[in-house]
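These notes concern the structure reproduced below.
The values are calculated or read from the model by the stated rules, or taken from the named source; none is laboratory data. Nothing here was measured: the structure is a model prediction, and the numbers come from that model. In this analysis, Cβ positions are derived from the backbone assuming ideal geometry, glycine residues included, and neighbour counts consider all displayed protein chains. These accessible areas exclude ligands, DNA and RNA; they are computed on the full protein's heavy atoms, side chains included. Shrake-Rupley method; radii C 1.70, N 1.55, O 1.52, S 1.80 Å.
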Amino acid sequence: MKSRPNNRRPGDTQGSDIESTEPLRLDLKSFDDMLPHVGDFGFYQWLLLISLIPYCFTYSVLYFGQFFITLVPTTYWCHVDGLGNLTIEERRNENIPQLLNADPPYETCHRWNDSSAKENSSLVSCTTWEYNLTSIPYKSLAAELDWVCDRSYLVSTAQSIFFCGSIVGGLLFGWLADHKGRIPALVICNGVGLLATVATAYANSFWSFAVIRFFAGLAFDNCINIPLIIVLEYVAVDKRSLVVNGAFGFYFALSSTILPWIAYFVADWRILCYVLAIPFLNAIVTPWILPESSRWYMTSGMSDKVVTKLKRIAQFNKKTPDPAIYDAFMANQEKDDREEQTATVLDLFKTRRLAKHTILVTLFWTLTALAFDGHVYSLKSLSGSVFVSFTLTSATELPAGILLILVLDRWGRRACSFVPTILTAVCSFLMIFIKTGVASLVVAVIARFLLNMAANVALQYAAEVLPTPARAQGVALVHIFGIIAHSMAPYVIEMTHIWDKLPMITLTLVSVVASILVLHLPETMGEDLPQTLQEGEDFCREQNFWSVPCIKKKSRPV
């Protein structure tokens, strides 16, 4: 996540290959202090940006793959044996009650008990269904198992179980990454994702599918968080926003827009599972395309490996730094961290302002994630092709990231959070009344664009507000609540069975509350990140409620 750029870079040669022309700094304690000497945004860093591609594809596959594996056509009706010689229209007219002023204009969950005497016949619940495969050219797992009508909740339940696996996976692979290294954790994580995605093709019941998707969920989040954090470690501080909002935004947008058309042209959910497993093969080459985390080496007492890595980076970037910097760095490592403050996530709640900021940033991310996924799942109910609408909404990831790069350090975090979320509320409100036609698609695309911006800022906010001693644990807490929101989102859209306007009313309220909450967070733009718990408590205390980077105004304190 983005931090405040250092005004003075140690050993920055401004294009020179030799650093001995300026005085040698001996206070090279951190990896960030050393990186400018060997090149912090050169050829090596560009190779790392390219290496993110397969991991962004695995993230898209895990995030959205189940959407297409369980996609159900919006038009379906009861199947009745012995009518195979009739056309679709004849079968529907023969056995299905017709409805006036309804969409579709016939019963989807009931049929006549005796079609030869409809006036005196009662309605019975369907046991099997027929599907209109015009807009969705394949029967998904959910269609094969008839997860419709009173069983439609199984689609949402399976999705929620997937995200429950993500919570367990975050704890499991987080522990593994801390104790065995980031690369081993990433290899095992993607290996689990590979096996689970292939195994999905063999699911033949709800419980077999749910258990397999739980294991697939173990890899979710970690499959992108680990490589993204590693790459950010090796990139200049002032270029990290470019990595997150630019490179990741581009790759994620590309993979998300390709995914629906893979599903469309494969047109078989079992074969689709095999195709979606292909990106997970990056587990085989991960040790050769990504370096181990430098910070993990340092916290594990392996500073010598950090030096080896720094020398390798210098070779790739054609830098020849003064060899003495490595000795100075190693000497500082021997006496560093003796007085380093340690903390747990509970320490974030022991003082009033720090607890307030922790709760606010957690709620903001949770509500943003709920609104984001709610709008993703609502695409199923839009008129027209779900493949087109999914593609158009996913394509907004890149322009949203580019816009953030341009305005985030000018308008500040609060403005770039408040404006998208309150406008998302407006879009959600409009979608209560606009349900069909091009207008509904346009509003859905705009909402997704805004939510992409809000989500990117929300995660960055967490990394900037929380103090260093508990930052990793605090961000993990925020992620866990976000995953809980992911698991709740399918049920928000399920509320359409209660009242068709209820999902968008809920998402409108969620976005309004999120926009109000973010106004009570401090503006972190241009601020030094809090390094201690006390600094976290005092962080931005001098700010006013109406503080905006481009408009200085005094009012009451935040």
- request: With the checklist (1) modelled with pLDDT of 80 or more; (2) surrounded by fewer than 20 Cβ atoms within 10 Å (Cβ to Cβ) in hand, flag the one item residue 52 doesn't pass.
  value: (2)
query: Only one residue in 202, 153 is under 24 Å from residue 129 (Cβ atoms), at pLDDT below 95 and open to solvent by 10 Å² or more (accessible area, probe 1.4 Å), so which one is that?
result: 153
field: Only listed residue being closer than 21 Å to residue 405 by Cα, touching a helix residue (DSSP H, G or I) at 6+ places or on another chain (Cβ under 9 Å) and either part of a helix (DSSP H, G or I) or in contact (Cβ under 8 Å) with a residue 24 or more places away in the chain (or both), chosen from 254, 195
entry: 254
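For region 313-330, how many residues meet the condition of being without any contact (Cβ under 8 Å) to a residue 60 or more places away in the chain and either in a helix (DSSP H, G or I) or polar (S, T, N, Q) (or both)?
Of the residues in region 313-330, the ones without any contact (Cβ under 8 Å) to a residue 60 or more places away in the chain are 315, 323, 326-327, 330.
Those left that are additionally either in a helix (DSSP H, G or I) or polar (S, T, N, Q) (or both): 315, 326-327, 330.
Matching residues across region 313-330 total 4.
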query: at pLDDT 80 or above, within 30 Å of residue 436 (Cβ to Cβ), open to solvent by 70 Å² or more (accessible area, probe 1.4 Å) and under 39 Å from the mean Cα position of the chain (by Cα), is that true of residue 74?
result: yes
message: Is it the case, given these coordinates, that residue 296 is more than 30 Å from residue 416 (Cα to Cα), open to solvent by 50 Å² or more (accessible area, probe 1.4 Å) and part of a helix (DSSP H, G or I)?
response: no
query: Do we find that residue 348 is at pLDDT 90 or above, surrounded by 18 or more Cβ atoms within 10 Å (Cβ to Cβ) and under 28 Å from residue 456 (Cα atoms) in this structure?
result: no
task: Return yes or no: is residue 377 open to solvent by 10 Å² or more (accessible area, probe 1.4 Å), under 24 Å from residue 481 (Cβ atoms) and within 17 Å of the chain's Cα centre (by Cα)?
output: yes
- request: Quick one: residue 188 ticks every box in (1) assigned to a helix (DSSP H, G or I); (2) under 24 Å from residue 314 (Cα atoms) except a single one, so which number is it?
  value: (2)
- prompt: How about region 376-415: which of its residues are aromatic (Phe, Trp, Tyr) and in contact with a Leu (Cβ under 7 Å, 6 or more places away or on another chain)?
  reply: 390
query: Is at least one residue of region 198-207 closer than 25 Å to residue 293 by Cα and in a helix (DSSP H, G or I)?
result: no
- request: Give me the pairs, please: first residue somewhere in region 383-403 and at positive phi, second residue anywhere and of a type outside the set (Phe, Trp, Tyr) and open to solvent by 60 Å² or more (accessible area, probe 1.4 Å), beta-carbon distance under 9 Å, and either six or more positions apart or on two chains.
  value: 384/436; 384/438
task: Identify all residues within region 352-387 that are part of a helix (DSSP H, G or I) and small (Gly, Ala, Ser); write none if there are none.
output: 355, 369, 371, 374, 378, 381
Of all residues in region 165-177 being over 15 Å from the mean Cα position of the chain (by Cα) and either open to solvent by 50 Å² or more (accessible area, probe 1.4 Å) or among the aliphatic types (A, V, I, L, M) (or both), the one that is modelled with the highest pLDDT: 168
- line: For region 208-221, the count of residues that are open to solvent by less than 10 Å² (accessible area, probe 1.4 Å) and either part of a loop (DSSP other than H, G, I, E, B) or closer than 14 Å to residue 169 by Cα (or both) equals 5
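Of all the residues that make up region 538-558, how many are surrounded by fewer than 21 Cβ atoms within 10 Å (Cβ to Cβ) and either at pLDDT 80 or above or not charged (D, E, K, R) (or both)?
Here the count works out to 12.
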message: Please verify whether residue 228 is surrounded by fewer than 21 Cβ atoms within 10 Å (Cβ to Cβ), at pLDDT below 90 and under 17 Å from the mean Cα position of the chain (by Cα), treating the condition exactly as stated.
response: yes
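Being among the hydrophobic types (A, V, I, L, M, F, W, C) and not in a helix (DSSP H, G or I) is the filter here; which residues of region 36-78 pass it? Explain how you work it out, then say what you get.
Within region 36-78, the first condition is being among the hydrophobic types (A, V, I, L, M, F, W, C), and the residues that meet it are 38, 41, 43, 46-50, 52-53, 56-57, 61-62, 64, 67-69, 71-72, 77-78.
The answer is 41, 52, 71, 72, 77, 78.
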- request: Say whether the condition of being farther than 30 Å from residue 524 by Cα, in contact with a Ser or Thr (Cβ under 6 Å, 6 or more places away or on another chain) and modelled with pLDDT of 90 or more is met by at least one residue in region 375-388.
  value: no
- prompt: For residue 402, all conditions in the list (1) touching a strand residue (DSSP E or B) at 6+ places or on another chain (Cβ under 8 Å); (2) open to solvent by 40 Å² or more (accessible area, probe 1.4 Å) hold save one; what is the number of the exception?
  reply: (1)
